[in-house]
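The values are calculated or read from the model by the stated rules, or taken from the named source; none is laboratory data. Just so you know, these numbers come straight off a predicted model, no measurement behind them. Heads up, the Cβs are rebuilt from the backbone with ideal geometry, glycines too, and the neighbour counts pull from every protein chain shown.
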Amino acid sequence: MSVEDTIKEQVTTHPVVLYMKGTLTQPQCGFSANAVNILDACDVENVFSVDVLADSEIRQGIKEFSNWPTIPQLYINGEFVGGSDIVTEMYQSGELQKLLTA
């Protein structure tokens, strides 16, 4: 299976997917920690997370897949939502909560 196929499978079989540096319990950068904290604040359960530091092919592949240069990257229901800044703005406006409950 190609990296692109792996990523497609991950984002389409899990409702909420976070590509991040580190894990949900031990984020390895502030931006990833911010995304985890926001998902926690939204009471999201069963986040499927992918530690891009553990797989260099996924780390590069997700940037190409989304055409987005930075990590973390959040996907909801198969759709790319954005990185840390966008997720923060959407959370502050209430837009993220609506998307998560749709």
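Below, the figures for the structure above:
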read-out	value
Filter result for MET20 (modelled with pLDDT under 95 and either surrounded by fewer than 20 Cβ atoms within 10 Å (Cβ to Cβ) or over 22 Å from ALA102 (Cα atoms) (or both))	no
Search result, residues across the stretch 60-84 that are part of a strand (DSSP E or B) and in contact with a strand residue (DSSP E or B) (Cβ under 8 Å, 6 or more places away or on another chain)	GLN73, LEU74, TYR75, ILE76, PHE80, VAL81, GLY82
Residue in the stretch 71-82 that is farther than 22 Å from GLU4 by Cβ and either buried (at least 19 other Cβ atoms within 10 Å of the Cβ) or at pLDDT 95 or above (or both) present	no
Among residues of the stretch 31-59, those that are free of Cβ contacts under 8 Å to residues at least 12 places away in the same chain and either among the small types (Gly, Ala, Ser) or in a helix (DSSP H, G or I) (or both), counted	5
